[in-house]
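The values are calculated or read from the model by the stated rules, or taken from the named source; none is laboratory data. All values reported here derive from a predicted model rather than from experimental measurement. Here the Cβ positions follow ideal geometry from the backbone for every residue, glycine too, while neighbour counts run over all protein chains shown.
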Amino acid sequence: MFRRVLTLLLAALLTLSACGDGSGDAQGEAAGLAVADAWVKATDMKMSAAFAVLSNSGDEDVTIVGVTTGLTDRAEIHETADGAMRPVESVTIPAGDSIRLEPGGDHLMLMDLKAPIQPGEEVELTLELGDGSTFDITATAKDFAGGAEDYEGGKGH
């Protein structure tokens, strides 16, 4: 009898522990998200960009709808198409797949920087996801000349 009650009690506890509160924190879209090779372009100008490989091991697509950082009050998701950079509303990481945020492609644009970004500096970014949850990234600043990108003056925007 005791064994049967204990088994039922454990089953009930496991069932209850699987129930979330719907807050979207670690149980939301961010649950399957992972980041690799996160970096930001070091600069003494007013604009820069952040890059990374974002992987989604979950069963549902993850949609990034925004980005915030203490470096600026103005950060956007951008794409590069037809030789021009432009803001986009979102970027989606398909279930079981990954995307690369990279120079010349999709990236996180950081505008009106409050201070220069020094090589080696650790930059905190927060991705805002479509379900209301967030995902924090730490990116290391590094020198990068790239394809002679010029973020000043809004060129290519």
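Pick out the one residue from Thr68, Thr63, Thr92, Thr80 that is of a type outside the set (A, V, I, L, M, F, W, C), modelled with pLDDT under 95 and part of a strand (DSSP E or B).
Among Thr68, Thr63, Thr92, Thr80, only Thr80 is of a type outside the set (A, V, I, L, M, F, W, C), modelled with pLDDT under 95 and part of a strand (DSSP E or B).
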If I ask for residues that are surrounded by 20 or more Cβ atoms within 10 Å (Cβ to Cβ) and over 19 Å from Glu89 (Cα atoms), which ones from segment 57-76 would you list?
Leu71
Single condition Gly83 does not satisfy, out of (1) closer than 22 Å to Gly105 by Cα; (2) touching a strand residue (DSSP E or B) at 6+ places or on another chain (Cβ under 9 Å); (3) touching a residue at least 40 places away in the same chain (Cβ under 8 Å)
(2)
Working only within segment 106-132, note down all residues that are over 15 Å from the mean Cα position of the chain (by Cα) and outside any strand (DSSP E or B).
Asp112, Leu113, Lys114, Ala115, Pro116, Gln118, Pro119, Gly120, Glu121
Considering segment 28-57, residues that are in contact (Cβ under 8 Å) with a residue 60 or more places away in the chain and in a loop (DSSP other than H, G, I, E, B), and then whichever is farthest from Pro87 (Cα to Cα), we arrive at Gly28
If you go through segment 64-85, how many residues are of a type outside the set (A, V, I, L, M) and more than 20 Å from Leu54 (Cα to Cα)?
6
